[in-house]
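Reading through the structure tokens given below for one structure.
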Amino acid sequence: MTTCAFSAQKAPEHDLKAAYIYNFIQFTEWPEDGLKSSTLNVCASAGTVLYVALQAIVGKTSHNRTIALKSLQTTPATDCNVLIAEKSDRELYSQIRPKIANLPILTISDDAELTTGDFMITIAILNERIRFVINSTRALEVKMVFSSRLLRLAAKVL
Amino acid sequence: MCQYNNKNTKFTLQLYLLAATATFSTQAFTSVSNLTELSIEQLAGIEVESASRYKQPAIDAPASVSVVDAEEIRTFGYRTLGDILSSMRGIYTSYDRYVRYVGTRGFSRAGDYNTRILLLIDGVRQNDSLYSQAMIGTEFPIDIDLIARVEFVPGAGSSVYGSNAFFGVINVITKNGNDFRGTETAAAVGSYKTSKLRVTHGTTSDSGVEWLVSGSSFKQRGQDLFFPAYNDTARNLDSDQSDSVFAKMRTENLSLGMMLSLRTKDNPTASFQQQFGAQGSKSTDEQAAINAEYRKALSDVLSLKVSAYAQKYRYQGDFIYPYSGPITLPLRTSFTNRDQSEGSMLGGELQFISTHFQNHRIVFGADYRKDTGVKQKNFDIQPYVSYLDSKVSGSTNGFYVQDEIALGEKLLINAGVRYDLISGFPSATNPRIGLVFKPQAQTAIKLIYGTAYRVPNAYEQHYETATAGGYMTNSNLKPEKIRSRELVIEHALSNSQRIVASVYQNDVRNLISQSYDSVADRFFFDNISGVRVRGIEAEWIGRLNGGIMARLSANFQHAEDTASRQTIPNSPARLFKAHLSAPLWRDQLRAGLEIQGMSRRKTDFNTETPGFAITNLTLRAPNFAQNTDISASIYNLFDHQFADPAGTEQAPNDRIAQNGRNFQLKLNYRF
């Protein structure tokens with residue numbers, strides 16, 4: 001709740017992105033057998049500011065699973081349920097990409113210059129606000145669906 | 001014959017507010033765990049704090065600023081800007097059934113039309129060119145649902161804002177197209193046959209252009225009110241109606257805004273010796289305003305803001321008096337005296353913010369404001385007799401500079417001064433200096449000194465009626481002045497708890513008050529009194545486990561007339577406020593409980609209104625049904641009887657009774 005005299009109308013970029021990512025997870029439907037482990041694994045590049053910010057959502061529950069944060073460098077991409085790519089991950093991502101193309105993994109790009117075609121959600125900042133583009137066509141290919149509430153807030157839906 | 005009220009003008013800018021408070025958000029309170037508890041729609045309303053922007057955590061601001069945001073407005077069921085303000089520490093309001101008055105730190109003059117507070121909407125001056133009135137009740141020109149947050153900076157603010165920033169500055173920041181993204185309607189019903197409807201449409205394009213258009217209509221039949229001084233009830237004389245339109249466009253560099261509002265209030269109090277209970281006694285306030293602002297970073301260390309605005313204000317007041325002239329057919333028992341006034345103001349501002357010098361952040365700029373066609377008329381309608389027909393104009397040029405100097409990690413100096421050239425009055429120079437000392441990261445000690453002034457408004461300067469008991473002008477009338485000093489301690493007890501405590505002293509000189517010349521049998525305005533206020537205030541804010549938010553504040557103060565050493569009217573020695581908000585059932589139902597109390601107040605009639613505590617309760621179901629947010633509020637839950645002191649124009653009423661238990665049911669629907 002922001003019910004406080006000193007509540008936030010502005011927030012640090014990465015904290016805000018982490019909160020968005022948490023919401024993305026909640027508004028995504030995985031196919032029936034899409035979530036295999038007892039934890040919901042969020043993979044991102046360890047050591048980045050965003051990775052630190054994402055620790056705030058570790059332990060929260062979504063889709064009846066506890067959210068866990070995994071390092072993209074050390075976790076097999078196929079174990080990820082959510083995969084977040086930043087600018088610094090371009091090279092790593094090009095290696096991962098073929099392995100996960102047909103898996104129900106929520107792919108999120110925090111790098112507006114990475115081709116949006118590859119990612120289900122691309123985050124960008126415009127006018128000091130977080131904006132995001134949803135590629136629901138890409139998601140449908142692996143039987144993933146976004147709720148209408150999320151689609152309505154998207155800057156663009158492909 | 002009769003006179004009426006008063007209200008004035010001068011211009012402004014906004015800036016250390018923008019620097020100090022927009023940035024407010026940066027503070028320690030915005031922890032990530034809080035962000036993850038927000039809905040995605042709420043997240044959409046939060047701006048990214050960009051690293052390049054100059055950051056000034058609240059704890060560094062040279063003031064003890066209070067902020068209330070949209071979430072709190074809904075949680076506590078606030079209906080007017082006055083409700084929001086009176087939830088803040090040190091502030092109280094009173095209502096005379098026409099206008100809501102704001103009191104800060106022990107000073108509130110019934111009948112002064114809030115001319116001693118500067119009201120900004122998105123940084124643009126609202127105090128009009130006739131009465132320099134800050135409208136905070138149902139007369140406030142925009143719908144409360146369109147407010148993103150309200151900030152209040154107590155203390156002398158003339159070093160940046162010029163005239164009227166006397167006891168403090170209220171800045172109302174409105175929502176943008178992005179906060180709506182589609183169409184939203186709100187409907188509310190309440191006691192006293194109240195109904196309200198709002199339709200808002202907001203959009204953002206891919207290129208980042210935001211649009212917001214909103215229209216609102218409010219109607220209240222009101223009550224049949226009993227007045228002990230007349231031992232009679234005023235029937236059908238409390239109706240309140242307002243309609244408003246608001247539009248706003250925003251891109252990265254440019255903002256454009258437009259406001260229209262019309263408010264009509266019947267007057268049941270028979271102020272200015274009217275005939276009690278007579279139908280037709282009413283006042284209308286009308287406003288139209290446009291503004292534009294352009295911001296651009298000229299380089300990494302220099303940014304520019306250019307803004308311009310125009311406002312037209314019109315007032316009409318009908319006053320009903322017993323008829324005692326020659327007998328006519330049909331028989332007449334009363335006649336109407338009308339006050340009619342209007343004025344336009346045009347202004348512009350140029351402001352630079354430079355961080356060229358290391359450890360310095362320098363803000364400097366100039367602004368210009370012109371008041372034109374400031375007309376005041378007073379006449380009897382039938383038979384037509386004119387008592388006043390005045391037309392004046394005036395202008396103000398202001399120049400200001402402010403430097404914020406970081407002396408190491410622990411000490412910050414914020415010093416500013418503004419010079420105003422005012423037509424018809426001597427020039428004014430007003431400084432403000434703040435020292436912020438941070439012995440440790442979670443503690444700040446602030447010492448603040450400033451002066452401010454207020455130019456007499458057009459009403460005080462030019463209202464003149466050549467009748468027995470009428471008004472005459474005073475060519476010696478001078479601006480009034482204030483010197484404010486404050487020591488503030490802010491301390492974060494933990495990530496989730498914070499305290500603010502402050503000791504303050506305000507010294508007002510040449511206070512403009514109404515006087516009476518018994519030889520001429522005329523009232524006039526003169527700089528006759530001085531007031532000294534000393535007080536302490538403290539506030540504790542906590543976010544507790546399980547989504548509970550609590551806020552407690554108290555003020556102890558003494559405000560006395562410097563000549564008579566008597567406590568001034570409408571000044572409570574003690575104020576107390578408690579706010580508690582808690583989830584009752586998951587995210588589905590939330591309660592907001594508010595208690596506001598104050599000690600007894602002296603009236604202008606040497607009587608006292610007793611102290612009281614009022615409890616308000618709001619229950620809100622933010623996800624009542626799909627896209628539907630519903631809330632129910634009970635105000636004055638225990639039906640406590642209380643009254644506000646009346647201004648002298650309300651004689652023989654020494655007090656005005658306030659509302660008993662009343663309710664509101666409100667529904668928001670997003671398409």
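The values are calculated or read from the model by the stated rules, or taken from the named source; none is laboratory data. Predicted model, so just to flag it, every value in this text is computed and none were measured. Here the Cβ is made from the backbone with ideal geometry for all residues, glycine too, and neighbour counts use every protein chain on show. All accessible areas refer to the heavy atoms of the entire protein, side chains included, with ligands and DNA or RNA removed. Shrake-Rupley method; radii C 1.70, N 1.55, O 1.52, S 1.80 Å.
Inter-part distance, the range B:70-149 to the range A:15-36, computed on C-alpha centroids, equals 43 Å. Rolling a 1.4 Å probe across the protein heavy atoms gives the range A:13-157 an accessible surface of 43 Å² per residue.
For the range A:13-157, a simple Cβ point-charge model (Lys and Arg +1, Asp and Glu -1, everything else neutral) yields a dipole of about 300 debye relative to the Cα centre. Placing +1 on the Cβ of every Lys and Arg and -1 on the Cβ of every Asp and Glu, with nothing else charged, gives chain B a dipole about its Cα centre of roughly 480 debye.
Converting the Cα gyration tensor eigenvalues of the protein assembly as shown into ellipsoid dimensions via √(5λ) gives semi-axes, longest first, of 51, 29, 24 Å.
Once both labels are positioned 7 Å from their Cα atoms along Cα-to-Cβ, the gap between B:ASP243 and B:LEU407 label points is 5.9 nm. Taking Cα centre as origin and charging only the Cβ of basic (Lys, Arg, +1) and acidic (Asp, Glu, -1) residues, the dipole magnitude of the protein assembly as shown rounds to 460 debye. If R0 equals 45 Å, the separation of the Cβ atoms of B:GLN566 and B:PHE364 corresponds to a calculated FRET efficiency of about 0.55. Computed with a 1.4 Å probe on the full set of protein chains, the accessible area for B:ILE144 sits at about 10 Å².
Taking the centroid of alpha carbons for each part, the range B:450-504 and the range B:249-320 are 20 Å apart. Counting Cβ atoms of other protein chains within 10 Å of each Cβ in B:171-182 and taking the mean gives 1. Comparing B:GLN316, B:PHE364, B:LEU346 along the charge dipole axis of the range B:313-367, the residue lying farthest to the positive side is B:GLN316, per the Cβ-charge model.
Spin-label pair B:VAL301-B:SER427: with each label point 7 Å from Cα along the Cα-Cβ axis, the two points sit 2.9 nm from one another. Distance between the 7 Å Cα→Cβ label points at A:ARG97 and B:LEU493: 5.4 nm. Measuring from a point 7 Å past the Cα of A:VAL157 along Cα-to-C-beta, which residues in the range A:121-143 have an amide N at less than 13 Å? Under cut-off, by backbone N: A:133-140. The apolar share of the surface of the range B:420-509, taken as the fraction of accessible area on carbon and sulfur atoms (1.4 Å probe, ligands and nucleic acids excluded), comes to 58 percent. Around A:ASN102, under 14 Å between beta carbons, what's the net of Lys plus Arg minus Asp minus Glu among the other residues? Once positives and negatives cancel, what remains is +1.
Restriction of the trypsin sites (Lys or Arg not before Pro) in the range B:280-356 to DSSP coil positions whose beta-carbon has at most 16 other beta-carbons within 10 angstrom yields B:ARG332.
Give me a single rounded figure for A:128-136: the average over its residues of other chain Cβ atoms within 10 Å of their Cβ.
4
Averaged over the residues of B:65-75, the number of partner chain Cβ atoms lying within 10 Å of the residue Cβ comes to 4.
Selection among A:ILE96, B:GLY546, B:THR328 by position relative to the dipole of the protein assembly as shown gives B:GLY546 as farthest towards the positive end (Cβ unit charges, Cα centre). In this assembly, the A-B interface accounts for approximately 4600 Å² of buried accessible surface in total, computed with a 1.4 Å probe and without ligands, DNA or RNA. With heavy atoms of protein chains only and a 1.4 Å probe, what residues of the range B:561-596 have at least 30 Å² less accessible area in the full set of chains than alone? Checking the loss per residue gives B:ARG590.
Between B:THR328 and B:SER386, the FRET efficiency from the beta-carbon distance, with R0 = 30 Å, is close to 0.90. Relative intensity of the range B:303-353 on a log10 scale, I(q)/I(0) at q = 0.19, 0.24 Å⁻¹, equals -0.77, -0.90, per a Debye sum over C-alpha point scatterers of equal strength in the absence of solvent.
Residues of the range A:47-65 that bury at least 30 Å² of accessible area when the other protein chains are present, relative to the chain alone (probe 1.4 Å, heavy atoms, ligands and nucleic acids excluded): A:ALA56, A:LYS60. Over the range B:172-258, accessible surface divided per residue gives 42 Å², non-protein components excluded, 1.4 Å probe.
To put it simply, the accessible area of the range A:13-157 at a 1.4 Å probe is 49 percent carbon and sulfur.
The alpha carbons of the range A:13-157 stretch over 39, 33, 30 Å along the principal axes, in descending order. Each peptide in B:599-607, A:55-63, B:102-110, B:243-251 receives the mean, over its residues, of other Cβ atoms within 10 Å, and ordering these scores from highest gives B:102-110, B:243-251, B:599-607, A:55-63.
Per the Debye formula on identical point scatterers at the alpha carbon atoms of chain B, with no solvent, log10 I(q)/I(0) at q = 0.10, 0.11 Å⁻¹ is -0.94, -1.16. When the pairs B:LYS175/B:LYS305; B:LYS296/B:LYS481; B:LYS391/B:LYS481; B:LYS248/B:LYS666; B:LYS196/B:LYS602 are compared against a 28 Å limit on Cα-Cα distance, B:LYS296/B:LYS481; B:LYS196/B:LYS602 fall above it. May I ask what percent, to the nearest 5, of DSSP beta bridges between residues of the range A:13-157 are antiparallel? If we restrict to bridges inside the range A:13-157, about 40 percent are antiparallel.
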